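Student: I am attaching a structure below and will ask some questions about it afterwards.
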Amino acid sequence: MSVQLVLLKSGEEIIADVREIVDRETHKPLSMVLIKPVRITVVKQGLLNEETNQPQSILNFEPWVATSKSEEYFVDGSWVVTVCEPNDDIRESYIKNIGVRDDSESDFIKAEQPVSDSGD
């Protein structure tokens, strides 16, 4: 598992177990898979904590696609602005509240068959 923050072109900040689908032969990325993604929104912007020098804000986790029963979403890489490590407290809160397991699965999924770039 790789819990990561994903910033999309839409401006949404998503935290999820992130995997990348790569072509088995060329090793080129084909798509990203977001497992149990939630959108992070800042409810209240906080002040800097003098001890940690980190801002203390109140965050809200919301289902990314609230009307879906799916837990896995395939996202074209062109929609991703950046992927980065979340703060430790955000990561731990996500693991605890969303119910993902912290194990050592691979962050990559190798495609067995060629995958169309057109989303077919």
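The values are calculated or read from the model by the stated rules, or taken from the named source; none is laboratory data. Everything quoted here is computed from the prediction, not taken from an experiment. Every residue, glycine among them, receives a Cβ derived from its backbone with ideal geometry; neighbour counts consider all protein chains shown.
Student: So which residues in region 72-94 are farther than 16 Å from VAL6 by Cα and either in contact with a helix residue (DSSP H, G or I) (Cβ under 6 Å, 6 or more places away or on another chain) or surrounded by fewer than 15 Cβ atoms within 10 Å (Cβ to Cβ) (or both), if there are any at all?
Tutor: Across region 72-94, the qualifying residues are ASP89, GLU92.
Student: Looking only at region 19-55, filter to residues that are touching a Gly at 6+ places or on another chain (Cβ under 7 Å) and at pLDDT below 90; which one of those is nearest to THR82 (Cα to Cα)?
Tutor: PRO29
Student: Which of the residues belonging to region 78-111 are modelled with pLDDT under 50 and under 19 Å from PRO29 (Cβ atoms)?
Tutor: Those that are modelled with pLDDT under 50 and under 19 Å from PRO29 (Cβ atoms): GLU105, SER106, ASP107, PHE108, ILE109, LYS110, ALA111.
Student: Quick one: what pairs do we get from region 60-84, first residue more than 11 Å from MET32 (Cα to Cα) and in contact (Cβ under 8 Å) with a residue 60 or more places away in the chain, second surrounded by 13 or more Cβ atoms within 10 Å (Cβ to Cβ) and among the aliphatic types (A, V, I, L, M), C-beta under 7 Å, 6+ apart or different chains?
Tutor: VAL81/LEU7; VAL81/LEU8; THR82/LEU7; CYS84/LEU5
Student: Every residue in region 1-12 that is surrounded by fewer than 18 Cβ atoms within 10 Å (Cβ to Cβ) and either small (Gly, Ala, Ser) or part of a strand (DSSP E or B) (or both), please.
Tutor: Within region 1-12, SER2, LEU7, LEU8, SER10, GLY11 qualify.
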